[in-house]
Amino acid sequence: MKNLLILATMLLTFGFANAQKVYKTSYKGEADKIIFVTNYKGEADMIVYETKYKGEAKPYSGLWFWTEYKGEADWKVYFTKYKGEANLKIYFTKYKGEAGMK
């Protein structure tokens, strides 16, 4: 039952969001997602590749384009040092082909 609840929550969280253009905020209260960066790929909910081109960023792909403007972003993110505080764990990869949701 607990696993079903976790699965339903993840589908609702990730199923309707287009995380392609991302803005980093300094304030937890204005963030859409609170992010914890893990050092282990197997622990991550999403593997993220940072692209330099806005056109490469695609919904659900894990290809993130950092925007300078809050209004242009699909997600406003806040990075936390505490795994338990996060609602999304990510791993940054150097390889575009590894990017995506798990």
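The values are calculated or read from the model by the stated rules, or taken from the named source; none is laboratory data. Here the structure is a predicted model, which is why all the values come from computation and not from measurement. Every residue, glycine as well, gets a Cβ built from its backbone with ideal geometry; the counts of neighbours run over all protein chains shown.
See the values below:
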item: Residue match in the stretch 63-79 (condition: more than 10 Å from the chain's Cα centre (by Cα), of a type in the set (G, A, S) and over 15 Å from Y23 (Cβ atoms)); result: no
item: Of all residues making up the stretch 73-94, the number that are modelled with pLDDT under 95 and surrounded by fewer than 12 Cβ atoms within 10 Å (Cβ to Cβ); result: 0
item: Those residues of the stretch 50-61 which are farther than 18 Å from I34 by Cα and either charged (D, E, K, R) or touching a residue at least 12 places away in the same chain (Cβ under 8 Å) (or both), in sequence order; result: T51, K52, Y53, K54, E56, A57, K58, P59, S61
item: Any hit, the stretch 51-61, residues being under 13 Å from the mean Cα position of the chain (by Cα), within 19 Å of T25 (Cα to Cα) and among the aliphatic types (A, V, I, L, M); result: no
item: The stretch 62-92: number of residues that are among the acidic types (D, E) and under 11 Å from I35 (Cβ atoms); result: 1
item: Single unsatisfied condition, M101 versus (1) surrounded by 17 or more Cβ atoms within 10 Å (Cβ to Cβ); (2) among the aliphatic types (A, V, I, L, M); (3) in contact with a Gly (Cβ under 9 Å, 6 or more places away or on another chain); result: (1)
